[in-house]
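Where a number appears in this text, it was derived from the coordinates with a stated rule and is not lab data. On a predicted model such as this, the values are computed, not experimentally measured, just so you know. Don't worry about glycine lacking a Cβ; one is built from the backbone with ideal geometry, like all the others, and counts go over all protein chains shown.
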Amino acid sequence: MQIIDHPTDSHNNMACITKLLLVIGIILNFQFSIFNSATAQDSSYARRIIRDLSSPEMYGRGMQHRGDSIAAEYLRQELRALGVKPLPGVSVGARGIGAKDEFFQYFRFPNTTSRPPIVKAGYRSQNVCGYIPGETDSMIVFTAHYEHLGMHGDTIFFGAHDNASGTAAVLDLARMCNQQRGRYTYVFLFFGGEESGLIGSGYFADMPLIKMNKVKLLVNIDLFCGGDEGLMVVNANAKETKPYVDLLEQLNEQRHYAAKIGRRDNARNSDHYYLSQDCPAIFIYTLGGPYGGYHSPTDTCDGCGLGNYMNFMTLLKSFLEHL
């Protein structure tokens, strides 16, 4: 007699479970590959911006060879490519603003007390200013300083971490905000003259191109590479800003995007400072490396660690969605 081993119910169940696990594994692998692809794509955008802005062709984004103006033109072209609209800049005679002045707010440097002087008195530079209209005229403002120390003799101070990285993050936020417009109008300000004493942001505070009383929150990003030890928020404890930082901490506790979020009182250490007198404003920077250096010729793109970059950007995206 031939004995036929008929499969039992347990065999059938086991086979179904095996197939189900196989399907789930394929789906998870597919989703993981998509996530990795998107992450690589997004972080590579920031890497490209950092590499371009800290390249020798930018001359350290200072006054030598008008490196700051070369960088400003680069930012203008990038904003145009992203579909960001220009804030009005400097009036050009009776004809208004010409194409060569779109996105630019010009200012001149006063006498500087730095030794050696980073820039000569009377030198003309510019802030680069754009916006994405929202459903209301209530604004979220993102800022970063794009200029750096320039050159001392033949030595270039490339300024990748300080602050090509923050500039890249603000451009990336512009790209993200333009993909899904929302309730708020988003404003993007790139300041010159920060290294000489917050000259560009101080000028904007005196001659604002927006209604400051319409600003719900201003977020300044300066020093955004590395971040193995988390993020620091400056002006985190003021009555106007504490609820926002509380929200940022709550979101981080849920998903652990950053190792920690530290808090500091307000300080005159970046471009948020003068603007914080007229609107709620915070300054975010990373804690810990890796990055190439600070105010050093070693601050190059190759030294910039972006291993935490996408986590931080995801945290900021979630933060915007909860405002």
Burial ranking of peptide ranges 228-234, 57-63 (average Cβ count within 10 Å, highest at the top): 57-63, 228-234
Selection from 199, 210, 243, by position along the positive dipole direction of the stretch 189-253 (Cβ): 210
Dipole axis of the stretch 196-323 (+1 Lys, Arg; -1 Asp, Glu on Cβ), positive-most option in 230, 262, 303: 262
Under-5 Å amide H pairs with residue 262, H placed in peptide plane, nonlocal only: 231, 232, 233
Integer Hz, Karplus 6.51/-1.76/1.60 couplings in order for the stretch 212-226, x for Gly and Pro: 5, 6, 9, 7, 6, 7, 10, 10, 9, 10, 9, 6, 10, 8, x
Pairs beyond 23 Å (Cα-Cα), from 260/317; 85/120; 214/239; 100/216; 216/317; 211/239: 85/120; 100/216
Spin-label pair residue 239/residue 176, simplified geometry with 7 Å Cα→Cβ offset, distance in nm: 3.1
Among 235-241, 137-143, the order from most to least packed when residues are scored by Cβ within 10 Å on average: 137-143, 235-241
Residues listed by number, the stretch 169-198, amide nitrogen under 19 Å from residue 323 label point at 7 Å toward C-beta: 169-191
For peptides 298-305, 104-111, sequence by mean Cβ density within 10 Å, most packed first: 298-305, 104-111
Radius of gyration and Dmax over the Cα atoms of the stretch 247-323, both given in Å: 14.5, 40
Built amide H within the under 5 Å cut-off of residue 138, gap 5+: 185
DSSP-assigned coil residues among trypsin sites (Lys or Arg not before Pro) in the stretch 259-308, each with at most 16 further Cβ atoms within 10 Å: 260, 268
Relative contact order of the stretch 216-323, pairs being alpha-carbon contacts under 8 Å that are 6 or more residues apart, as %: 41
Net charge, residue 236 excluded, C-beta distance under 13 Å - Lys, Arg +1, Asp, Glu -1: +1
